[in-house]
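The structure appears right after this line, and notes come after that.
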Amino acid sequence: MKLLERLRKYHFEIRHLLVLFLILILFQIVLYYIHSSSIDSMLNKTMDLYRLDSAERLANLTTTSLELVLEMSLADQTRTPEDIQRVVQSFDIILTQQKLQQNVDDICILFRAGESVYAIDNGQDLYDFIFRAKLPGQHQLMTHTAAIQNYTRLDADLARSEQIYSLVEGGNTFQVFVPFVPKGEMVGTVYMEITPDFSKIAEAITIMYDETGMIFSILILFGLLAMFFITVRTVRERDDAQEALFKQREAQLKQQIEYEKEALFTKRIYHAHHKAEKIMGFIKEEIRALKSGDTLDQFKFRVLKYSNFVSRVIYDMKTYEPPIQVIRNKAFRTDLNEVIRFIVDNVFHRQNHRGHLYEFELDLDEAFPVIHINEYVVWEIVEPLIQNSIDHNPNQAITITIRTRYQADEKRGFIILQDDGTGIPDHLMEPGEQGVKKIFLEHTSTKDSPQNTGYGCYIAYEISRRRCGWNVDVRNRETAGCEFTITLPNI
């Protein structure tokens, strides 16, 4: 079951099927050659046994025929010259006709007389030897030399066992020695040299097997082709279905992303609207306070700053991804210390007049160079982080310390915001998505009513990292409160 589940998870492609198809074809070819070699080996062994059996049967039949003719002649006590001639002709027929066969190379009768071995290959000599005890001429010794030599070696074994002996020469030629036993007494051996030829039978068997193997190979090939085309069609239909599913899923994801962007943009607009509403309140206060005798230049400076920030907020409401040149540009020469002082003096000190329990300590490095970032973008980064310390320490007197430091040798600056409040809960300090601490993620807040909250630190982090190229980190201090550190590289 586990194997089937794994196979279901794996999607076979056309290239996998091609490899499988080629392996099966190669396997079939190898199997064909193995079967061919096996059938050849089987035929060779079978034919060897069959040739030996055929040769021995032929030699035994020839010997039996000679013995039968001889028995009939011995039974006839009165032999006329015509009878003698008939017996001689019978012997000649048996000996010559066997030699006339295609497979018989030599035939003779071997016997020992004294220390010599003689060979008889015609009817007259055989008759003279059996009935008249006359030995054949010496010319026979030259004709059947190989037969006489082998008989000399086997004579004792033949006389003792009276069994058929066969010698193989060259793998196909058989020298068969059959005991010649007329009147129940062995007098010699019928020798036959036979080369059975079964090549046509073997060829016919091989051709028949090749035809059968070819038919099976073709059937298997067509079966594999059918399986291949069916599988290819199935895989193609599956791929088409997957492609349609992927396109549908892609459209759904695009729609979901657009929806999430719109939702996030709407939340950012709400957040920006809240800021703009607060700044507009400050502008109204400035107008009302103008009657108190404040200088016109200070009034114009503050109202202009407020108005520009409101314009920036309205601009952020119009686009989700503003052009980079409206954020970072050589034309911007922002005094970071001045921006921090203005935010503290003209935003948070105004709020503090309404009963907020917090104070500020500024430790600003006057050697900090100007930065090429829109000052209202800096405002969007620093203001939410300060507001975070205030919002998360309600009804508690805290001191917020803001420092700026510049390392000239490394051309790197730092903005450090500290408070001595309760600090940030541990679960918000844990890494979340992509290793970002959870306090910098969307919808993350420690407020009791998290609706429409959790965007201050998130927006500050996103603007710092994605638009300004700055790094923002936070930690809880050992004494009390927390510390935000903004790193500005390459300034």
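Inspect all residues belonging to segment 114-135 and state whether any of them is hydrophobic (A, V, I, L, M, F, W, C) and farther than 24 Å from Ser65 by Cα. Within segment 114-135 (the criterion being hydrophobic (A, V, I, L, M, F, W, C) and farther than 24 Å from Ser65 by Cα), the answer is no, since none of the residues qualifies. Out of Ala147, Ala156, one residue alone is in the same structural domain as Cys108 (by TED's automatic domain parsing) and out of contact with any strand residue (DSSP E or B) (no Cβ under 6 Å at 6 or more places or on another chain). It is Ala156. Hey, among the residues in segment 387-402 that are farther than 21 Å from Tyr458 by Cβ, polar (S, T, N, Q) and in contact with a Phe, Trp or Tyr (Cβ under 9 Å, 6 or more places away or on another chain), which one's modelled with the lowest pLDDT? Across segment 387-402, the extreme among qualifying residues is Gln396. Candidates in segment 345-373 are the residues that are hydrophobic (A, V, I, L, M, F, W, C), closer than 19 Å to Ile400 by Cα and modelled with pLDDT of 90 or more; of these, the one that is surrounded by the fewest Cβ atoms within 10 Å (Cβ to Cβ) is Leu362.
Conditions (1) in a helix (DSSP H, G or I); (2) acidic (Asp, Glu); (3) in contact with a His (Cβ under 8 Å, 6 or more places away or on another chain), marked per residue:
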{"position": "Arg153", "(1), (2), (3)": "yes, no, no"}
{"position": "Arg160", "(1), (2), (3)": "yes, no, no"}
{"position": "Val168", "(1), (2), (3)": "no, no, no"}
{"position": "Val176", "(1), (2), (3)": "no, no, no"}
{"position": "Lys183", "(1), (2), (3)": "yes, no, no"}
{"position": "Met186", "(1), (2), (3)": "no, no, no"}
{"position": "Tyr191", "(1), (2), (3)": "no, no, yes"}
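Every test in (1) over 25 Å from Ile207 (Cβ atoms); (2) modelled with pLDDT of 70 or more is passed by Leu17 save one, and that test is (2). Residues in segment 100-137 that are surrounded by fewer than 20 Cβ atoms within 10 Å (Cβ to Cβ) and assigned to a loop (DSSP other than H, G, I, E, B): Gln101, Gln102, Asn103, Gly114, Glu115, Asn122, Arg132, Ala133, Lys134, Leu135, Gly137. The set of residues in segment 385-415 being under 30 Å from His372 (Cα atoms) and of a type in the set (A, V, I, L, M, F, W, C) consists of Leu385, Ile386, Ile390, Ile400, Ile402, Ala408, Phe414, Ile415.
This table checks each residue for (1) crowded, with 19+ Cβ neighbours inside 10 Å; (2) acidic (Asp, Glu); (3) modelled with pLDDT of 90 or more.
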position: Asp426; (1), (2), (3): no, yes, no
position: Glu430; (1), (2), (3): no, yes, no
position: Glu433; (1), (2), (3): no, yes, no
position: Ile439; (1), (2), (3): yes, no, no
position: His443; (1), (2), (3): no, no, no
position: Ser449; (1), (2), (3): no, no, no
position: Tyr455; (1), (2), (3): yes, no, no
position: Ala460; (1), (2), (3): yes, no, no
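The combined condition, being among the hydrophobic types (A, V, I, L, M, F, W, C), in contact with a Phe, Trp or Tyr (Cβ under 8 Å, 6 or more places away or on another chain) and crowded, with 18+ Cβ neighbours inside 10 Å, is not fulfilled by Phe174.
The values are calculated or read from the model by the stated rules, or taken from the named source; none is laboratory data. These numbers come from a predicted model, not from an experiment. FYI the Cβ positions are ideal-geometry reconstructions off the backbone, even for glycines, and counts take in every protein chain you see.
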